[in-house]
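Once you've had a glance at the structure underneath, I'll fire off some questions.
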Amino acid sequence: MDPFLTSRVVSDLLGGFTNGVIYGLFALSLVLVWRSTGVLNFAQGAMPMFATYLGMVVFSGHLSYWPCVAISVVAGFAIGGVTERVLVRPLYGKPEINPIVVMVGFLIVLEAVAAAIWSTVPRGVQSPFSSVFFQAGGKPIALSRFSVYEIVAALIVMAGVAALFRFTKIGLQLRAAALAPEVSRLLGVRVGRMLTLGWILSTGVGTVTTILVASNFFTGLTPQVMDGIFAFGFIAAAVGGLNSPVGAIVSGVVIGIVLQFVGDFLNGNDIILVALLILVVSLMVRPNGVFTKSTSRRV
Amino acid sequence: MRTRDGLVRGAVTIALAALAVLASLLAAPSPRDSLAWAITGAVAVVSASIMTSPRVRRAHPATRRASMTVLCVDATVVATYFFSAPTNFDLAIGAAMSIVLLGLSFLTGASGQISLGNGAFMGVGAFTMAIWANHHATTPIVVTLLIALFSGALVGVLLGLPATRLRGPYLAGMTLAFAVAFGAIVSSFNSWTGGDAGLQLPRAATPPGWLAHFFSPSTPLLVANTMWLADLSIVVTGVAFFFMANLFASRTGRAMRLVRDNEVAAELVGISLARTRVIAFIVSSAYAALGGALWTLVNNSVSPSTYSFALSITILSLIVIGGIGTIPGALIGGIIYAYSASVISWITAQTGLNAQGNLASQLNGIIFGGLLILTMIFAPMGIAGAARHLWSRRRR
């Protein structure tokens, strides 16, 4: 049993699963925004990054880890809501590149302001979990208390989002507002509020992702910390289908595992190359995503 | 067929006129030389009169565009004679950038899509230029530039084929992934690209022999070389703008604008949406690669860190501020790029900021990002669009 757990393949599986859960969680936050407002939010990494700085760096001297996490998530909610109201709302009904360009501008501004205030030097965020690998028979398993924490936290957030959409009245309204805004407005759903709520939720999910990434002993928090995660998260969301939360999570996990094998058996530089290849091939084969039923569309 | 003849004739005209101007200026021991001034003046007067003649205006739009380009190239080449070497260097860099911006402007203006990876496509052209020059040092510059252009088009096909078939932001997301990945791609082909260190050109680009001996012996080598590079960039930019202006006005260009404005109508009149979008993307990548190749030539070297994700974002900001979907917007963006660094360091000096501090080093991002948001919300067509709007209001 022991040599199995510490074997190269199992190590890659475990490490890849940990990464993949992060990609999947971030892809979920992209899907939440896309479904509610039809915007691919290019500042989806930068907004949570800013919230994480606000919580984890500003208050780290005064408070312990968990209160800082709470402050970050609340800051994320606030940033998401305000952004939707101020920057995104004027752009509904405009050509589709307008929100893309505005959110790219927001990404530049947030990263530059964060770097101006906190510099580009990585900040360590101390999590209460050790990132030393568990041992089995004197050999390390590719799993630590910290990666268990990452996986559990991500799964809890995913389950929470799923429960919110499936079992609550607000969740029903959110789905209705995304699917048929006109009809739901007639039925008394406050569609505008639902759009804002969609952004609030998604930035919250993004903030949890960023905290998990930044708490990792080996990365730390930098203004650009989410650029790479954004690329992988977008690839996961596009492969799974930008409309499908389940697809985003599953393809995030699968991509995480595949890329871990690529990095281990080929070369670290090939990871992003293979990720791009996966994206190109999957868009050729299933343009609307692996997990969405194909729909024809005429306007 | 007739338009194609017009294109070739126009391109040849520009190249010849520019070379005539160049030769006349380089031959002149001083700007007061009467022969040089006579030739430049004649070229300017002839092209201006062709441009404004009512018959040409009405019946030969391609000729009109050609003479307009000749006039602009002529004037700028004359100006390089008076500029200092650093100004000429900035001018060459800015001219190459305006080619890249023109490609992106065309992509959006023609198909309503956007690319966040044009910095990486510049990198493709830049590395192709350097790799080719290192293996075949004797190839003429123009041929190498064309090879770089085709390499960009090729990568554009690979990425554009899947993404452009879809609606929505897939192309933007995919080009972003390409831009983020570019550094790793360069590293994984490090036997060709030199890895993180990049490549040097085997020898500096110097004026060809027949031109070089026109220079008066007292001209310092650096001044002569920089001027030659600036003039070369300007001529290439002129040709690129001329072709693009014709493409915008051609049947293909009109089809593309219809795709952008009304997809259903476009399909009804028999235009293939996917094909049109892919072509627009390929043109945009090829132009980006051409700009990158010129950068390699001007810098005499190429480094992967230049072609980071940040450059792609800068390119997007510049064209949005200049006026996305317009031709003058690309020129405005190129000028902004050439001189923004000096303006920002001037602002830093005026406000007494610590030049090595965090804020000063991020000022570029804050200003460009802020302008990007403001432009898109208040004047989506940028400076060029706003100017056109004011102009048409005054004429009414």
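Is it true that A:Ile257 is β-branched (Val, Ile, Thr), touching a helix residue (DSSP H, G or I) at 6+ places or on another chain (Cβ under 8 Å), touching a residue at least 60 places away in the same chain (Cβ under 8 Å) and part of a helix (DSSP H, G or I)? It would help to see each step written out before you state the result.
Details: β-branched (Val, Ile, Thr): yes; touching a helix residue (DSSP H, G or I) at 6+ places or on another chain (Cβ under 8 Å): yes; touching a residue at least 60 places away in the same chain (Cβ under 8 Å): yes; part of a helix (DSSP H, G or I): yes.
Spelling it out, A:Ile257 is indeed β-branched (Val, Ile, Thr), touching a helix residue (DSSP H, G or I) at 6+ places or on another chain (Cβ under 8 Å), touching a residue at least 60 places away in the same chain (Cβ under 8 Å) and part of a helix (DSSP H, G or I).
Condition check: in contact with a Leu (Cβ under 8 Å, 6 or more places away or on another chain), among the hydrophobic types (A, V, I, L, M, F, W, C) and within 13 Å of another protein chain (Cβ to nearest Cβ). Does B:Ile319 satisfy that? Before you say what the answer is, go through the steps one by one.
On the way: in contact with a Leu (Cβ under 8 Å, 6 or more places away or on another chain): yes; among the hydrophobic types (A, V, I, L, M, F, W, C): yes; within 13 Å of another protein chain (Cβ to nearest Cβ): yes.
When the stated conditions are applied, B:Ile319 passes them.
Against the condition within 26 Å of B:Ala20 (Cβ to Cβ) and part of a helix (DSSP H, G or I), how does B:Val298 come out, does it pass? Don't jump to the end; show me each part of the working.
Details: within 26 Å of B:Ala20 (Cβ to Cβ): yes; part of a helix (DSSP H, G or I): yes.
Judged against the criteria, B:Val298 is a match.
Let's see how each residue does on (1) within 14 Å of another protein chain (Cβ to nearest Cβ); (2) in contact (Cβ under 8 Å) with a residue 60 or more places away in the chain; (3) farther than 24 Å from B:Ser188 by Cα:
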residue	(1), (2), (3)
B:Leu91	no, yes, yes
B:Ile99	no, yes, yes
B:Leu102	no, yes, yes
B:Ala126	no, yes, no
B:His136	no, no, no
B:Val143	no, no, yes
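May I pose another question? So, of the residues in the stretch B:167-184 that are open to solvent by 30 Å² or more (accessible area, probe 1.4 Å) and assigned to a helix (DSSP H, G or I), which turns out to be farthest from the other protein chains (Cβ to nearest Cβ)?
Step by step, filter the stretch B:167-184, then rank; the result is B:Gly183.
For the stretch B:228-242, which residues satisfy the criterion of being closer than 20 Å to B:Asn299 by Cα and among the small types (Gly, Ala, Ser)?
Pass one, the stretch B:228-242, residues closer than 20 Å to B:Asn299 by Cα: B:228-237.
Result: B:Ala230, B:Ser233.
Picking from A:Gly240, A:Gly289, A:Gly252, which residue would you name as being more than 9 Å from chain B (Cβ to nearest Cβ), more than 13 Å from the chain's Cα centre (by Cα) and surrounded by 24 or more Cβ atoms within 10 Å (Cβ to Cβ)? Can you show your working first?
Details: A:Gly289 fails: surrounded by 24 or more Cβ atoms within 10 Å (Cβ to Cβ); A:Gly252 fails: more than 13 Å from the chain's Cα centre (by Cα).
Answer to the selection: A:Gly240.
Quick one: which of A:Leu155, A:Leu143, A:Leu164 is aliphatic (A, V, I, L, M), open to solvent by 20 Å² or more (accessible area, probe 1.4 Å) and not in a helix (DSSP H, G or I)?
Working: A:Leu155 fails: not in a helix (DSSP H, G or I); A:Leu164 fails: not in a helix (DSSP H, G or I).
After applying the criteria, what remains is A:Leu143.
Same structure again: Starting from the stretch A:123-143, take each residue that is at positive phi and list its partners that are open to solvent by 40 Å² or more (accessible area, probe 1.4 Å), counting only C-beta distances under 9 angstrom and pairs at least six apart or across chains.
Sorted first by the residue in the stretch A:123-143, then by its partner, the pairs are A:Gly137/A:Met1; A:Gly137/A:Asp2; A:Gly137/A:Pro3; A:Gly137/A:Leu5; A:Gly138/A:Asp2.
Taking the options A:Ser144, A:Ser127, name whichever one is more than 14 Å from chain B (Cβ to nearest Cβ), of a type in the set (Ser, Thr, Tyr) and more than 21 Å from the chain's Cα centre (by Cα).
Values: A:Ser127 fails: more than 21 Å from the chain's Cα centre (by Cα).
Criteria check complete, one pass: A:Ser144.
Then there is this: Would you point out the residue of the stretch B:145-158, among those that are within 14 Å of another protein chain (Cβ to nearest Cβ) and touching a residue at least 40 places away in the same chain (Cβ under 8 Å), that is least open to solvent (accessible area, probe 1.4 Å)?
B:Gly156
Let me ask something additional. Applying the selection to the stretch B:360-396, what residues are free of Cβ contacts under 8 Å to residues at least 40 places away in the same chain, within 14 Å of chain A (Cβ to nearest Cβ) and open to solvent by 80 Å² or more (accessible area, probe 1.4 Å)?
The answer is B:Leu374, B:Phe378.
Residues A:Ser60, A:Ser11: which one is in contact (Cβ under 8 Å) with a residue 40 or more places away in the chain, outside any helix (DSSP H, G or I) and more than 14 Å from chain B (Cβ to nearest Cβ)?
A:Ser60
Answer yes or no: is there a residue in the stretch A:180-194 that is touching a Phe, Trp or Tyr at 6+ places or on another chain (Cβ under 9 Å) and open to solvent by less than 50 Å² (accessible area, probe 1.4 Å). If you could, list the steps in order and put the result at the bottom.
In the first step, residues of the stretch A:180-194 are kept if they are touching a Phe, Trp or Tyr at 6+ places or on another chain (Cβ under 9 Å); the result is none.
The answer is no; no qualifying residue exists.
Go through the stretch B:185-195 and report how many residues are touching a residue at least 24 places away in the same chain (Cβ under 8 Å) and either facing chain A (nearest Cβ under 7 Å) or in contact with a Lys or Arg (Cβ under 9 Å, 6 or more places away or on another chain) (or both).
Total satisfying the criteria: 1.
Residues that are at positive phi and in contact (Cβ under 8 Å) with a residue 60 or more places away in the chain: does the stretch B:265-277 have at least one? Talk me through it step by step, then tell me what you get.
Here is the first cut: in the stretch B:265-277, the residues at positive phi are B:270.
Add one more test, that the residue is in contact (Cβ under 8 Å) with a residue 60 or more places away in the chain, and what stays is none.
Within the stretch B:265-277, not a single residue is at positive phi and in contact (Cβ under 8 Å) with a residue 60 or more places away in the chain.
Next question. When you look at A:Ile278, is it modelled with pLDDT of 80 or more, open to solvent by 20 Å² or more (accessible area, probe 1.4 Å) and part of a helix (DSSP H, G or I), yes or no?
Details: modelled with pLDDT of 80 or more: yes; open to solvent by 20 Å² or more (accessible area, probe 1.4 Å): yes; part of a helix (DSSP H, G or I): yes.
Criteria met by A:Ile278.
Also, quick follow-up: Being modelled with pLDDT under 85 and closer than 27 Å to A:Val69 by Cβ is the requirement here; does A:Phe232 meet it?
On the way: modelled with pLDDT under 85: no; closer than 27 Å to A:Val69 by Cβ: yes.
Considered against the rule, which asks whether it is modelled with pLDDT under 85 and closer than 27 Å to A:Val69 by Cβ, A:Phe232 comes out as no.
Just a yes or no: is a residue in the stretch A:92-106 farther than 25 Å from B:Ala310 by Cα, facing chain B (nearest Cβ under 9 Å) and not hydroxyl-bearing (Ser, Thr, Tyr)? If you could, list the steps in order and put the result at the bottom.
Going through the stretch A:92-106, the residues farther than 25 Å from B:Ala310 by Cα turn out to be A:92-94.
Checking which are facing chain B (nearest Cβ under 9 Å) leaves us with A:94.
When the remaining residues are screened for being not hydroxyl-bearing (Ser, Thr, Tyr), the result is A:94.
Yes.
Of the residues that make up the stretch A:200-210, is at least one more than 11 Å from the chain's Cα centre (by Cα) and modelled with pLDDT of 90 or more? Write out each step before concluding.
Keep residues of the stretch A:200-210 that are more than 11 Å from the chain's Cα centre (by Cα), which gives A:200-201.
Right, trim to modelled with pLDDT of 90 or more and you get A:200-201.
Looking through the stretch A:200-210, at least one residue is more than 11 Å from the chain's Cα centre (by Cα) and modelled with pLDDT of 90 or more.
Working only within the stretch A:263-274, note down all residues that are at the interface with chain B (Cβ under 8 Å from one of its Cβ atoms), within 20 Å of A:Ser11 (Cβ to Cβ) and either in contact (Cβ under 8 Å) with a residue 60 or more places away in the chain or crowded, with 19+ Cβ neighbours inside 10 Å (or both).
Scanning the stretch A:263-274 gives a single hit, A:Ile271.
The values are calculated or read from the model by the stated rules, or taken from the named source; none is laboratory data. These numbers were taken from a predicted model, which means no experiment stands behind them. Every residue, glycine among them, receives a Cβ derived from its backbone with ideal geometry; neighbour counts consider all protein chains shown. Note: areas computed on protein heavy atoms with side chains; ligands, DNA, RNA excluded. Shrake-Rupley method; radii C 1.70, N 1.55, O 1.52, S 1.80 Å.
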